Amino acid sequence: MKKTLSVKSKITILLTLLMAGLAVLLLIFMLFISNSVATQTAMDQLNETVHSNLAYVEVTDRKPVISEGFSYFQNGISTLIYSQNEALIAGQIPVSFQAEIPFENGFIRTVDSTDGQYIVLDLWLASDWQSGVWLRGLMEAPNNESLARNLLFISLIALPIFILLAALGSYFITKRAFQPLDHITATAEAINEAKDLSGRIGLPEGGDEFSRLAADFDQMFERLEHSFEIEKQFTADASHELRTPVSIIKGACEYAEKYDETPEDHAETISMIHRQADKMASLISQLLSMTRMEQGTENTLMERVDLGEFAYTFSQEHFMEHSRLKLNTAQGVFVQANPELLGRLIRNLVENAMKYSDDSSPISLTVAVQNMEATLSVQDFGIGIPHEEQEKIWQRFYQADVSRSNENGSGLGLSMVRQIADIHGGYMTLESEPEKGSTFTLHLPLLKVS
Ligand code: ADP
């Protein structure tokens, strides 16, 4: 596999490049700013010095009188006095300044000379309306080139150190920011390697992206684990429960091969094999349906159902031949339900009632509203269920007193009934007395009564 840079390294490199770029930009900016600041400061200084010198000069009889306090040279600024005809009267022109420039009152300007640049300011000092003298201030313009050289020199040393620090800083910041991701990856790898889905990332709850990702992963692991558990259970249940009918069929075949001689014997063996095959088929379909319900893959679209009307129609269609089924189904009791599952529940309860009671005794199916709940009860007057068994009969494959149970039973029916009640947000109750009969009741949240 091609080895690519890790995201951490990529971010570190990008951050370092960004910071280095910003540092270079900052340097250029500083160079530019310091240039103009230095020139502006020099101009201000020149302006101030020449103006302050102005106070020490007076013009009497067209001649300048210079009093004490006038400075010809101060802080690199030379102040010169010129006559009206622009002839130098006092002061000394710097050697390096050789430019011939016309006088302009009050105007600071930069002038090129032989050795670099000069800043010049001329001030006109009038004695009367037609005569006076010129004051000229001169100063060397700050040497920007050497400033730039200095800055460049400093940056050559500082920049590599800065880039190194930026790289280190970026690396630590990225490493820290990616710590939760490392944790998520490590957990996912551990789960994968150990093939144990019970591990969880368990990041503390928080609003950031990593906490949300970790929570999503944990939820996914939870679902996966649940799914695997269900699958494991299905495989265990199916292989365990199918073993008995399969060995009965095998035994019957072997017996028939050896001993069955008459066509009647064969017919009996075939009918027994048929019954066992039916049992296996119903067991597999029940198991599959329960597994799908647990996994949430069973189509459980809910709709508004009139419970009484539904129970009535369903019974008419499915138990028409059973005249012992008495219906007492109130109409207009609305619930949110999946008709397919509801039908399966009713069928299981009614078939159990028939299985576990005398053929002659009545069975009643009642739909009513009790304590603000919709209820559907199936009552029989059969063998009943001992008190100690009443909790256990809801478990998978549990059959109270196998000797009494119908051989077609699988012990899955009531477990499925309870599951269906759960899916609907309801629950099951049971009232039963041995030898008197049982009443199984489904309680559902009531949508509306009309
Ligand atoms: P089965 O396929 O054995 O009927 P169920 O899960 O439907 O499985 O029922 C579990 C056990 O509960 C049954 O084996 C039976 O002993 C008991 N049972 C269920 N319904 C009734 C009933 N109406 N009357 C008496 N016993 C019942």
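For the reader, a short list of remarks on this structure follows.
- Neighbour-count ranking [beta-carbon atoms within 10 angstrom, fewest first] of L147, L341: L147, L341
- Cleavage-rule hits, chymotrypsin sites (Phe, Trp or Tyr not before Pro), segment 224-333, DSSP coil, Cβ neighbours within 10 Å at most 10: Y259
- Centroid-to-centroid, using Cα positions, segment 161-194 and segment 317-347 are 61 Å apart.
- Each Lys and Arg contributes +1 and each Asp and Glu -1, all at the Cβ; summed about the Cα centre of the chain, the dipole is approximately 980 debye.
- The packing ranking of peptides 108-119, 149-160, highest mean first, is 108-119, 149-160, where packing means the average number of other beta carbon atoms within 10 angstrom of each residue.
- For the chain, the convex hull spanned by the alpha carbon atoms encloses 348 Å³ per residue.
- Across all directions, the average flat footprint of the convex hull enclosing the Cα atoms of segment 331-450 is 7.4 nm².
- Net charge dipole size for segment 209-295 [Lys, Arg +1 and Asp, Glu -1 on Cβ; Debye, nearest 20]: 100
- Cross-link partners for K258 among the lysines, with Cα-Cα distance under 22 Å and sequence neighbours closer than 8 places in the same chain left out: K250.
- Once the Cα-Cα distance is subtracted from the 0.36 nm per residue extended length, the D182 to R212 segment shows a gain of 9.3 nm.
- Across all Cα atoms of segment 142-292, the radius of gyration (one decimal) and Dmax (whole number) stand at 35.8, 129 Å.
- Efficiency of FRET between Q84 and E48 - r from beta-carbon atoms, R0 22 angstrom, step 0.05: 0.30
- Taking only alpha carbon atoms, segment 7-163 gives an Rg to Rh ratio of 1.24, where Rh is the Kirkwood radius.
- In this label model, S227 and A55 are separated by 9.2 nm, measuring between points 7 Å along each Cα→Cβ vector.
- GluC sites (Glu not before Pro) within segment 46-82: DSSP coil, no more than 12 neighbouring Cβ in 10 Å: E68
- Taking the C-alpha atoms of segment 1-90, convex hull volume expressed per residue in Å³: 129
- Those residues of segment 221-243 whose amide nitrogen sits under 17 Å from the label point placed on S198, 7 Å along Cα→Cβ: 221-233
- In this simple spin-label model, placing a label point 7 Å from the Cα along the Cα-to-Cβ direction at both T429 and F172 gives a separation of 6.7 nm.
- Cα centroid separation - segment 15-70 against segment 204-220, whole Å: 61
- GluC sites (Glu not before Pro) restricted to segment 117-210 and DSSP loop, no more than 16 other C-beta within 10 Å: E205
- Selection from V24, V59, P142, by position along the positive dipole direction of the chain (Cβ): V59
The numbers here are math on the coordinates, done by the rules we state, and not lab data. If you're wondering where the values come from, they're calculated on a predicted model, not measured in any experiment. Every residue, glycine among them, receives a Cβ derived from its backbone with ideal geometry; neighbour counts consider all protein chains shown.
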